[in-house]
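Okay, so here's the structure we're looking at.
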Amino acid sequence: MIETLFAQDALATPMAFGLALLIGVAFGLVLEQAGFGSSRRLAGIFYFRDMAVLKVMFSGLITAMLGIAYVTAFGWVSLDSIYLMPTVYRAQIVGGLVFGVGFALSGWCPGTAAAGLASGKLDALLCLVGAVIGSIIFNEVYPSVALLQADSGVQFVYANLGMSQPVFALLLTIVAVLAFWAVEYVEHRRKTGICCFNSPSLKGFGTALIVLAVGLYIATPNGVKATDEAAAGAEQGALATPMPVTSGLLAGIEAAGDHMEPEELADRLLAGDPDLLLADVRPAAEFNAFHIRGAQNVALTELETYLQPYRNRGLIVLYSNGMTHPAQARDYLFGRGFQNAYILTDGLTGFIERCLKPASLRPEPVPEDTAGQIARWRAYFLDGARPTIPSAEPVQLAGAALPGLVSTEWLDENRAHDAVRVIDLRPQPEYNTGHIPGALHLDIENLRGNVGGVGSMLLPARLIGECFSLMGVRPFDTFVLVSGDKVHDATLCGMALERVGHQRYGVLDGGFGKWAAEGRHTDAALPSVAPSDYPVDASADRFTVDYTEVLQRTQDRFAVIIDVRPAGYYAGTESGEARAGHIPGALNRPYVEDLAESDGYKQFKPTDVLAAEYQKLIPSQDSPVIVHCRTGHQASQTFFVLSHLLAYRNVLWYDGGWSEWAARPELPIEGQPGHAGSAGALP
């Protein structure tokens, strides 16, 4: 699949400008060579003296139509990645008439006038000057002609005629071939131009076009209805095809009510505006590299579903690196009834330039109060992170839904990719003896420490980011986490990744044991590492809770607390902590019940089996759930299962676990009556 610049939201990049310049120059040269640098020749069509204009227009139309139809039919280019102009019938009809009159009077259109000006034609210059004056007049009288711009969305002519795409293409091609013969006949009778009537070249050209049109029909025998394309595009998140836009949207755009300035957004976020939802519609890897603090990463394919609860409630602000995709998304949402969706002016690029660029680096002196505001914005939004907009696209590796499980087959096929980083979490001696080629070693205890007096807590995001920087990993990398006997080593590393905002990771199902049992390649070489500067999203962790929230949840009859320790520790018959028992109301499901062992290695049970077992404990996918163990280690596995294998949407993780809870005598417990360590339990 070819990714277009439009699909990549890269139309404002230097590369896009360079390509547009090259294409424009080439187009002008072709026009000049075809004789379109002469208004006399162009005007000849109105006197049936020179039909070159009609020939070129039909040639361009048929070439574009057949070309797009073929590349989309073969799957080389997705229709979603092409900007489709909305159909604005009244404006296009009136504009076409004005254009036609201007063409007849001057002999030029804007494109040919540019080619003529390059050849030194003064009348071409007058045409371009007139076009500029006309644009100014249009701008001034726009309110009086705005009604002409009643947008009908993207309308396909063949769909309106009830035809399939290949049938329409074939008929239009036949019309074009007949038109070629007709204009050649006119020129033959009038003895003007270069006569090709009844020539082998005309016959060959016409035959080739008919063959291509018939070939398209053979390639797509059932046809493709435009309505089907639109539905498929919407299902795939193709927001490039706008929904019908009403006069209300146009009025909002005219009043600048469709966007929010970076400064206003920064102030609202800094003030903690509870009615503001900021949606980052970029790919996850770019979001993880750097994003505006407080933003939610929402894929375009999931945008409407994700935003339904916020429809016409508060403010929704959409942003990407630029404004193309957010603008299309905003128009789509407006057509779906969202009256509260806005776009961020100039996107993330503008936000960084206008809000985060230091006052000392700005071209103009900044007032003292503005400099103070900039300093406050920088302190809040940067928090040590470096605002960079990735120039590379995230790597798309098919066959793995991340975060999730990764098979040994998938890893073997993709491990040589530069963006795939294997992290081996087994003990150092086992790693040194043999590991997956290129794997980096990480001791899981390097990610834990004493935090706030509680031991074995997952480290703060900043320290985790420094650890990853030393390992040379990057925000675009896809992590594959490899465990040994303890699957929860890999899932705890996954928690660390999520704490810094990295979602592109997978747990190797079966771990190193399955890899070795299948006889896959290993070595003992240490990979070369160049330290990186791993960016950290300090606000990414919204899943970790402390004992105060757990205590509050014990009074919530809708919340489910799952203790994943072995049954004896839950019951209070065994204990290695200050007190024995469990949190009041907690349910027990030992983490080992998620796993099955065969051939000497552990794998997760099939997803349908896990789903059936957890349905017995949790009422619905939206139920609030808190998982805990003794120190958060084993509970990370349950969090992974619920959040990433079973798609529960409201799962929280109590890192301090029973180790902290038992050591706080003011917290209530349930368990074995009179068991050592249960003294001091509150009723």
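For Ala379 and Arg336, what does the FRET efficiency come to when R0 = 35 Å and r is the distance between their Cβ atoms, rounded to the nearest 0.05? All intermediate terms of the calculation are to be shown ahead of the outcome.
On the way: r = 38 Å, r/R0 = 1.08.
Between Ala379 and Arg336 the formula returns 0.40.
At 7 Å along the Cα-to-beta-carbon direction for both Ala416 and Phe46, put a label point, then send me their distance in nm to one decimal.
Distance between the two pseudo-spin positions: 6.5 nm.
Please list log₁₀ I(q)/I(0) at q = 0.10, 0.19 Å⁻¹ for segment 404-517, using the Debye equation with identical point scatterers on the alpha-carbon positions.
Computed log10 I(q)/I(0) values: -0.27, -0.98.
If packing is taken as the average number of other Cβ atoms within 10 Å across a peptide's residues, how do 416-425, 297-306 rank, most packed first?
Working: 416-425: 18.9, 297-306: 16.4.
Descending mean neighbour count gives 416-425, 297-306.
Once the piece of chain linking Glu430 and Leu19 is laid out straight, how much longer is it, given 0.36 nm per residue of separation minus the C-alpha distance between them? Walk me through the numbers before you get to the answer.
On the way: separation 411, 0.36 × 411 = 147.96 nm, distance 5.28 nm.
142.7 nm is the gain from fully extending Glu430 to Leu19.
For segment 625-668 and segment 107-126, what is the centre-to-centre distance using only Cα atoms, to the nearest Å?
72 Å
What is the spin-label model distance, in nm, from Asn139 to Ala118 if the labels are put 7 Å beyond Cα along the C-beta direction?
Result for the modelled spin labels: 2.6 nm.
Taking the number of other C-beta atoms within 10 Å as the exposure measure, put Trp661, Trp377 in order starting with the fewest. Don't jump to the answer; show the numbers that get you there.
On the way: Trp661 24, Trp377 21.
The fewest-first ordering by Cβ neighbours comes to Trp377, Trp661.
According to the square roots a ≥ b ≥ c of the eigenvalues of the Cα gyration tensor, what is the shape class of segment 596-638, taking rounded for a/c under 1.5, prolate for a/b larger than b/c otherwise, and oblate for the remainder? Don't skip to the answer; put the middle values down first.
Values: a/c = 3.51, a/b = 1.28, b/c = 2.74.
Oblate is the answer for segment 596-638, as a/c is 1.5 or above yet b/c matches or exceeds a/b.
Largest first, please: the extent of the C-alpha atoms of segment 544-663 along each principal axis, to the nearest Å.
Between the extreme Cα coordinates on each principal axis of segment 544-663 lie 39, 33, 21 Å.
What is the extension gain from Ser59 to Arg293, computed as 0.36 nm multiplied by their sequence separation minus the C-alpha to C-alpha distance, in nm to one decimal? Intermediate results must be reported in sequence, preceding the final value.
Numbers: separation 234, 0.36 × 234 = 84.24 nm, distance 5.13 nm.
This chain segment gains 79.1 nm when fully extended.
Can you pick out the pairs among Lys55/Lys203; Lys55/Lys121; Lys486/Lys514 whose Cα atoms lie more than 21 Å from each other? The partial results should precede the final answer.
Details: Lys55/Lys203 15 Å; Lys55/Lys121 23 Å; Lys486/Lys514 13 Å.
In this structure, Lys55/Lys121 lie more than 21 Å apart at Cα.
For Phe27 and Ala517 in one chain, what is 0.36 nm times their gap in residues minus the Cα-Cα distance, to one decimal in nm? Intermediate values should be presented prior to the final figure.
On the way: separation 490, 0.36 × 490 = 176.40 nm, distance 6.10 nm.
Roughly 170.3 nm would be gained on extension.
Every number here is computed from the coordinates shown, using simple stated rules; none is lab data. None of these values were measured; they are calculated from a predicted model. Positions of Cβ are generated from backbone atoms using ideal geometry, with glycine treated the same way; all protein chains shown enter the neighbour counts.
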